[in-house]
Amino acid sequence: MPTTADFITNNRERFQKELFDLLRIPSISTSPERDADTKRAAEFVRKQLQDLGFRAQLHTTPKHPIVTAESPMAAGKPTVLVYGHYDVQPPDPLGEWRHGPFEPTIEGENVIARGATDDKGQMFAHVKAVESIIEAEGKLPCNVKFLIEGEEEIGSPNLDPFIESHKDLLKCDVVVISDTDQFAPGQPAICYALRGLVYMEIEVVGPTHDLHSGMFGGSLDNPATVLARIIASFHDADHHVAIKGFYDHVRALTPDERAGFAELPFDEKGYREEMGVTELVGEKGFTTIERRWARPTCEINGIFGGFQGEGAKTVIPAKAGAKVSMRLVPDQDWKTIAKLFEEHVRSVAPKTVKVNVKTHSGSGPVLVPRDSAAVKAGMRALEKGFGKKPVFMREGGSIPVVLTFDRVLKVPVVLLGFGLPDDRAHSPNEKFNLGDYERGIRTSAHFLHEIAGGK
Ligand code: BES
Ligand code: MN
Ligand code: MN
């Protein structure tokens, strides 16, 4: 009988084809017109897990279905819960893609498609690892459960209540998540911290209707100009966030952690070039890695108002708005920050306009212990799967549910990232390295054995 390692090698092409089938489904969670597709993606994942002999279920929610599955449960064995998401971000701007975003295409070592790295490819690596072990070894070394959701990219609004009401179904000893990146190509990493996020929208409302800018201009406050002034007040000259109280609960980096970051082989020039910018800019007193992983930020994600079409139109917009998100670090609380943000906006805005401030979603920052047995198992699994000792890193992104696992299930979370920083998650031409896909499958198989006590 072939070993699990052989089985993975022998089934390389089929494993790729099956991933491509999932990548073809445009499961965009934020677009209601894609609801049938998110459902189709959920059903695809459920069927895959059912075919492995798992008890696999689809749970409806007010938005997108949640998939759960469990292997036949053996008493006395530890249980691993794999979390991932089948939903993706919208593919726009569409014109920038070299191929259709939902027509997975191989270019060199990579597959190009929306969701390739975030998170279909990474999540599916665990499904294929389980399949490989079952086929090659006859049974799994530990119990395995899956929790795959379809609302991660919109802040997981229905997942917390689901976890609260399904504690038994989700009972486990460790959660593993592959939805983060390696530190660099060939340099695997365990991620031990994610930033939190609070997403706001501001609307500045002036006159009751758009006005001729020649007839009326100069005689009233222009909502777009007011908005610009509000936005400009978010940072000071040193790129600190200028919202009163914003840093009050920010935990300072320890000298140890700063030294650890400084030792990482960070290629600042490559980083700059991948983004296509000539210079890096950020909060004074911190390195680029610190700014991205361990300092809070306030970023404009969208800005609108007035004439957006081609050509020129002389008009004073009746309203203007912006989408603003703030990334949070321990021990900031997203509800407090949302309040401080609103107070700041109101304090800056003149009385001549009406300002509406809305909170879209929020999630807290996470910092997980680096010395748990589960993290150590993850380290050994990555070393075997990637052939190189992993480093510890943090990430600037957010995975809202991680805090909930900590709070409700009270088990360690291991963030085993198979992606790469230049995979262009959320951007046009998102990719996933097919070598990393296979190394991810191998790592996941090793992880299950390591959790079971080693092979
Ligand atoms: N996989 C990412 C999280 C991530 C981002 C990990 C960057 C490592 C590096 C996840 O799918 C994501 O994009 N999360 C959103 C959360 C939000 C929509 C609530 C994010 O970080 O913007
Ligand atoms: Mn993701
Ligand atoms: Mn994402």
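The values are calculated or read from the model by the stated rules, or taken from the named source; none is laboratory data. The model shown is predicted, which means the values in this text are computed figures rather than measured ones. All Cβ positions, glycine included, derive from the backbone under ideal geometry; neighbour counts span all protein chains shown. Side chains included, ligands, DNA and RNA excluded: accessible areas come from the protein's heavy atoms. Shrake-Rupley method; radii C 1.70, N 1.55, O 1.52, S 1.80 Å.
Less than 14 Å Cβ to Cβ from ALA237, Lys/Arg counted +1 and Asp/Glu -1: what total charge do the surrounding residues give? Mind dumping the intermediate values first?
Numbers: positive: LYS284; negative: ASP236, ASP238, GLU283.
Local charge sum for ALA237: -2.
Which pairs in the list LYS77/LYS139; LYS39/LYS63; LYS313/LYS354; LYS47/LYS410; LYS244/LYS358 are over 21 Å apart, alpha-carbon to alpha-carbon?
Pairs exceeding 21 Å: LYS313/LYS354; LYS47/LYS410.
Using only helices, what value at 222 nm comes out for the chain when you add -39,500 (n - 2.57) per DSSP H run of length 4 or more and divide by the total residues, to the nearest 500 deg cm²/dmol?
That comes out to -9500 deg cm²/dmol.
Between ALA189 and residues 5 or more places away or on another chain, which pairs have amide H atoms under 5 Å apart, with H built 1.01 Å from N, and which residues are they?
Here the answer is PHE183, VAL391, GLY417, since their amide H atoms fall under 5 Å of that of ALA189.
Where does each of 56-68, 146-158 land if you order them by average Cβ count within 10 Å, highest first?
Numbers: 56-68: 18.1, 146-158: 23.5.
For the peptides 56-68, 146-158, the packing ranking is 146-158, 56-68.
Separation between the THR352 and ALA259 pseudo-spin-labels, each 7 Å from Cα along Cα→Cβ, expressed in nm?
5.6
Just the number, please: percent antiparallel of the DSSP beta bridges in the chain, rounded to the nearest 5. Working shown, then result.
Working: 50 of 69 bridges.
Percentage antiparallel, nearest 5: 70.
Could you pull out the trypsin sites (Lys or Arg not before Pro) across the range 131-174 that fall in loop regions by DSSP (anything but H, G, I, E, B) with no more than 16 other Cβ atoms inside 10 Å?
Passing sites in the range 131-174 are LYS139, LYS171.
Which whole-number percent is the relative contact order of the chain (Cα, under 8 Å, 6+ apart)?
26
What FRET efficiency, computed as 1/(1 + (r/R0)^6) with R0 = 30 Å and r the Cβ-Cβ distance, is obtained for ALA242 and SER361, rounded to the nearest 0.05?
Values: r = 24 Å, r/R0 = 0.79.
My answer for the efficiency is 0.80.
Could you work out how far apart the two model spin labels at ILE300 and ASP267 are, taking each label as a point 7 Å from the Cα in the direction of the beta carbon, and quote it in nm?
Each label point lies 7 Å from its Cα, and together they span 3.3 nm.
Would you kindly derive the ³J(HN,Hα) couplings of the range 431-436 from the backbone phi angles with the Karplus curve 6.51 cos²θ - 1.76 cosθ + 1.60 (θ = phi - 60°), listing them in order in whole Hz, with x for Gly and Pro?
9, 9, 6, 5, x, 5
Quick one: 3J(HN,Hα) in Hz for the range 302-318, Karplus 6.51/-1.76/1.60 with θ = phi - 60°, rounded, Gly and Pro as x.
Result, rounded to whole Hz: x, 8, 8, x, x, 6, 10, x, 6, x, 10, 9, 8, 8, 9, x, 5.
Quick one: order LEU340, LEU420 from most to least accessible surface, probe 1.4 Å.
Working: LEU340 40, LEU420 15 Å².
Descending accessible area places them as LEU340, LEU420.
With every protein chain present, what accessible area does ASP37 have (1.4 Å probe, heavy atoms only), rounded to the nearest 10 Å²?
Using a 1.4 Å probe on the heavy atoms, I get roughly 20 Å².
What ranking, highest mean first, results for peptides 107-117, 211-221, 40-50 when packing means the other Cβ atoms within 10 Å averaged over each residue?
My ranking of the peptides, most packed first, is 107-117, 40-50, 211-221.
Quick one: Karplus J couplings for the range 81-96, per residue in order, coefficients 6.51, -1.76, 1.60, θ = phi - 60°, nearest Hz, x for Gly and Pro?
So the J values, rounded to whole Hz, are 9, 9, 9, x, 9, 9, 7, 10, 7, x, x, 5, x, 4, x, 7.
What is the set of long-range amide H partners of LEU211 at a cut-off below 5 Å, with H atoms built 1.01 Å from backbone N?
Under 5 Å from the amide H of LEU211: ILE316, ALA318.
Gap in Å between the Cα centre of the range 408-455 and the Cα centre of the range 234-299?
26
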